[in-house]
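The structure appears right after this line, and notes come after that.
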Amino acid sequence: MAPETGMPESGGATAGGERAEGRYLHAVDAASLSVIGKPWRKIDARSRVTGQTKYADDLALPRMLACKLLRSSVAHARIKSIDTSAAEALGGVHAVLVGSELPVAFGILPVSQDEHTLCIDKVRFIGDPVAAVAAVDEDTAWEACRLIRVEYEPLDVVTSVFDAARDPHGMDPADRIHDYGREGNLHRCEHLEFGDLDAAFAESDLVREDLCFFEGNTHLPMEEHSTVAFTDPDGKLCVMSSTQTPHYLHRALAKVLAAFVPPHKIRVIACPNGGGFGGKSDPFNHEIAVARLSMKTGRPVKITLTREEVFQTHRGRHPVLMKSRIGVSKDGRIKALEFETHLDGGAYGSYGTASTFYTGALQCVTYKVDNYHFKGARWFTNKAPCGPKRGHGTPQPRFALETQLDKVAVELGIDPATLRSRHLAEAGSLTANWMRIGSMGLGECIERVCAGSGFRERWGRLPLGRGVGLACSSYLSGAGLPIYWNAMPHSGVQLKLDRSGLVTVFCGSTDIGQGSNSILAYIVAEVFGLDPQDLRVVTSDTDLTPVDLGSYSSRVTVMTGNAALQAAERARDLLVPHVAAQLDIPKGRVTFGGGRVFDCEDPERGMTFAEAVGTAEAKIGTIGTTGSYRPPKSPARYKGGGVGPSPSYSYTAAVVEVDVDPETGIYTVPRIWVAHDIGRAINPALVVGQVEGSVYMGLGEAMMEEMSYRGNRFGVHKIPSMLEYKSPTSMEMPEVVTYLVEDPDPNGPFGAKEAGQGPLLPIMPAVANAIYDAVGVRVDEVPVTPEKVFDAMQRKAQGKEARYGPRELPRVEWPEPRRVRTPWQGGTGVEVEREDELARSSQG
């Protein structure tokens, strides 16, 4: 790692800079960079490792009250009455809140505003909050919750997509979980077709159909959710929370509390997160409840969820049942892909509309797919609501496609690496569903992991019980459209240059442990030639910082990074002419580096950075700049095309080695090789940490993690604790060999792409593929447990299909597809009907 202080004197930023279409091009030589690409420590590393970082639960304010929520003990019921009188009479209780006091609904997406701070007329899963109590301490608040009497009228409980799909036309409307959606308990139903599937299947040399199931799992962050609300000395409602999306939390608070406080008098501060992984991306009931309780009591109020409550709050990985029908040529080219998904969404909408589209949106950005058909259904069930978890909506279809490609390779007699390498999507191309690909380094990723693991020499040739499996993936570097569609920037950054030489960076993004605050510092420090530790970064405060849409979808490095780069280059351009005049040199020779500003042809001739700021300030006054970023416009203009477009896509290849006991199915993973196309690494040490963290999480999902429920009719979580919910320990974590492949992307700051989510995706299918190589059986379900491997081996020994996995799908009355011509059919990115209508109007 780099030393804590000091930085290389070589290199440095010059005054030049190319601009194109409002964006910066960064085709810079890595050797000329003094901060970017170097393994600097995080700017907040010392405070974190010494315990000085203040998380939300560390906050303690004078006269602060504790809040607890009374949660539903039944999965689905109508609320007949709530009696809070005994709780209100208990000593130490300052306020009790029920749903009728806050009747305004909220939700993260504009199309699913289906949640209330506290349930008003119905509960929809075990753990749904019904009442909130503010008391002198947690014990008193818990006791008050136990004194609240709720009378329920039970309703039918829906615990699976098959339950949800049962007779929607004959269903009693009272038994519907929500009164919106297509019909019954069907939340979303999407149907898209790109190209001519029937003709493509007819032309294919091999057609196969497979069913897969990916069980849901949860984020398991170290830090439970926690929120503190209070009124500040200026009379503003201040909410400090462990949230990934302070901007959207502010929006939800403003909506629900509109009758009590105007939006400009609400301040949201996102505290440092002790892990998020998508689980803190929604606005939550408890955040709004403590805000209102603070207003009612006139005192600060804090809530910290228990681990069981975190499991109930959830918003984790959707369980997804999938069918994939693929048609390929003799060399493995994908001529047709028909993909169907059924998502178990749990009790609320959350990000579910986007999740549904994500199960199909990225299937064409990894390999060339000539014709593509997607059907996706999301169902409401009486379980904890699902939402975005690392890789949001894409690990499930990636598992299905990568295991299917492994089967195709076996049938065609082509090794899996060669089959994939032959048919990669091309850099700069448009996909069948109109996603635009930027740089594309997957080919090199495949070669790196194959060379490191000896995959081509070992696949199919190892002794019984030992195997290697390959899988690849792609992921987006931020979503191309905001949640609430508008023309405003997705991210903004402000810089303040002080005459002392201090540069302060203001940005609304949230550091959830991934190092985004440090990324801002590295980018700005590179432009000014400074030590990143000498910058101050202020983030995640809706009063002080510009809007950033949040830390999700791997968007922060590309979007806030580009905004920071623009702000820094603008500030540099303010300094350059005045320094040039002071030094009596042309502006093009002014160079920044090593904490100095100097003549590149005579480095001794210059001044300190602080002196440069003072020189410019004396001429033009206080120096501050802004930068903002909005992604390039997507060519996908059909309905549903808003999910999937991104400024760039990252790519990953992984090889997993397994040792399987042929008698029991118990297996271990001794080694994993993973290569990630990062574009350009802003800090390679942080990138490796993100890649290996993704590998760890993917291995947990592959081997053991699952959100399971007791019985078939009750909706009771089976293992809502870290003792019982299994995830890998250091004993299960294998040796990981990581390769960073750099193929700079023009849409990223200095060419960077995402690293926080994509490397998770290939791990699960690579494990399943390796098990097939080891013992010759297919497990088409995640997690791939030893019991499932054993069952498949038993079936193989009995002469049956050597497979464990699902065998049926729910029945759906699919709507007519929205048909879109592919780019190679001469399409324009809109539905065929719209194209034809436009053609007729132009002729008329």
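The values are calculated or read from the model by the stated rules, or taken from the named source; none is laboratory data. Note that the structure is predicted; figures quoted are calculated from it, not measured. Glycine gets a Cβ as well: all are built from the backbone with ideal geometry, and neighbour counts include every protein chain shown. Just the protein is used for accessible areas: all its heavy atoms, side chains included, with ligands, DNA and RNA removed. Shrake-Rupley method; radii C 1.70, N 1.55, O 1.52, S 1.80 Å.
Dividing the convex hull volume of the alpha carbon atoms of segment 298-426 by its residue count gives 145 Å³ per residue. Taking every C-alpha pair closer than 8 Å and separated by at least 6 residues, the mean separation divided by the residue count of segment 376-461 gives a relative contact order of 17 percent.
The accessible surface of segment 580-627, taken with every protein chain in place and a 1.4 Å probe, is 46 percent carbon and sulfur. Please compute the contact order of segment 50-145 in relative form: average sequence separation of alpha-carbon pairs under 8 Å and at least six residues apart, divided by the residue count, as a percent. Over segment 50-145, the number comes to 41 percent. Sparse packing (at most 11 other Cβ atoms within 10 Å of the Cβ) combined with a DSSP loop state is found for the following GluC sites (Glu not before Pro) in segment 396-498: GLU426.
Spin-label model, HIS169/LYS54: points 7 Å from Cα along the beta carbon direction are separated by 6.2 nm. How many nm is it between the label spots at ASP205 and LEU544, if each spot is 7 Å from the Cα in line with the beta carbon? Result: 6.4 nm between the two label points.
When a/c is below 1.5 the answer is rounded, else prolate if a/b is larger than b/c, else oblate, so apply that to segment 467-540 with a ≥ b ≥ c taken from the square roots of the Cα gyration tensor eigenvalues. Oblate is the answer for segment 467-540, as a/c is 1.5 or above yet b/c matches or exceeds a/b.
Accessible surface comparison of CYS67, CYS600, probe 1.4 Å, protein chains only, largest first: the order is CYS600, CYS67. Per-residue 3J(HN,Hα) values for segment 592-607, derived from phi via the Karplus relation 6.51 cos²θ - 1.76 cosθ + 1.60 with θ = phi - 60°, read 10, x, x, x, 10, 10, 8, 7, 5, 8, 8, x, 6, 8, x, 7 Hz in sequence order (x marks Gly and Pro). When the Cα convex hull of segment 753-844 is projected onto planes of every orientation, the mean area is 11.7 nm². With Cα atoms defining each centre, segment 798-838 and segment 198-256 are spaced 26 Å apart in the structure.
Here the chain is treated as a sphere whose radius is the Kirkwood value from Cα pairs; by Stokes-Einstein at 25 °C and 0.890 mPa s it diffuses with a coefficient of 87 µm²/s.
Only Cα pairs under 8 Å and 6+ residues apart enter the sum, and on that basis the relative contact order of the chain stands at 17 percent. Along segment 557-570 the Karplus relation, 6.51 cos²θ - 1.76 cosθ + 1.60 evaluated at θ = phi - 60°, assigns HN-Hα couplings of 4, 6, 7, 6, x, 5, 5, 5, 5, 5, 4, 5, 5, 5 Hz to successive residues, with x for each Gly and Pro. Net length available on complete extension from ARG499 to ALA45 is 160.8 nm, with 0.36 nm assigned per residue and the Cα-Cα distance removed. Which FRET efficiency value, to the nearest 0.05, is calculated for LYS265 and ASP121 with the Förster distance at 25 angstrom and r the Cβ-Cβ distance? For R0 = 25 Å, the calculated efficiency reads 0.25. Each peptide in 580-586, 358-364 gets a packing score, the mean of other Cβ atoms within 10 Å over its residues, and the list from highest to lowest is 358-364, 580-586.
Excluding ligands, DNA and RNA, the accessible surface per residue across the chain is 36 Å² with a 1.4 Å probe. Taken along the Cα-to-beta-carbon direction at a fixed 7 Å, the label points for MET488 and ASP139 span 4.7 nm. Sparse packing (at most 13 other Cβ atoms within 10 Å of the Cβ) combined with a DSSP loop state is found for the following trypsin sites (Lys or Arg not before Pro) in segment 37-103: LYS54, ARG63. Couplings 3J(HN,Hα) of segment 243-248, computed from phi: 10, 8, 9, x, 4, 6 Hz, in residue order, whole Hz [Karplus 6.51 cos²θ - 1.76 cosθ + 1.60, θ = phi - 60°; x for Gly and Pro].
Between segment 541-612 and segment 661-699, what's the alpha-carbon centroid distance in Å? Between the Cα centres of segment 541-612 and segment 661-699 lies a distance of 36 Å. For SER281, neighbours were defined as the other residues whose beta-carbon sits under 10 Å from its Cβ, and their charges (Lys and Arg +1, Asp and Glu -1) total +2. Applying a DSSP loop filter and a limit of 16 other Cβ atoms within 10 Å to the trypsin sites (Lys or Arg not before Pro) in segment 408-490 leaves ARG461. Packing-based ranking of 195-202, 744-751 yields 744-751, 195-202, ordered from highest to lowest mean Cβ neighbour count within 10 Å. Reported to the nearest whole Å, the Cα centre-to-centre distance from segment 258-278 to segment 128-186 is 26. Carbon-plus-sulfur accessible fraction, segment 805-844 (probe radius 1.4 Å, protein heavy atoms only): 45%.
Amide H contacts for LEU65 (H built 1.01 Å from N in the peptide plane; partners 5 or more residues away or on another chain; cut-off under 5 Å): VAL301, LYS302.
Within the shell of other residues whose beta carbon sits under 12 angstrom from the beta carbon of PRO734, the net charge comes to -4, with Lys and Arg scored +1 and Asp and Glu -1. Looking at the chain, the DSSP beta bridges with both ends there are about 75 percent antiparallel.
Is the C-alpha gyration tensor of segment 497-544 telling us rounded, prolate or oblate? Criteria: a/c under 1.5 is rounded; beyond that, a/b larger than b/c is prolate, otherwise oblate. Here segment 497-544 falls in the oblate category.
Oblate is the label for segment 47-153, because the ratio a/c of its alpha-carbon gyration tensor axes (a ≥ b ≥ c) is 1.5 or higher and a/b is not greater than b/c. Stokes-Einstein diffusion for segment 78-138 at 4 °C, viscosity 1.567 mPa s, with a Kirkwood radius from C-alpha pairs, works out to 100 µm²/s. In the structure shown, the pairs LYS265/LYS296; LYS587/LYS619; LYS335/LYS368; LYS496/LYS619; LYS68/LYS296; LYS375/LYS753 are assessed against 18 Å; a Cα-Cα span above that value is assigned to LYS375/LYS753.
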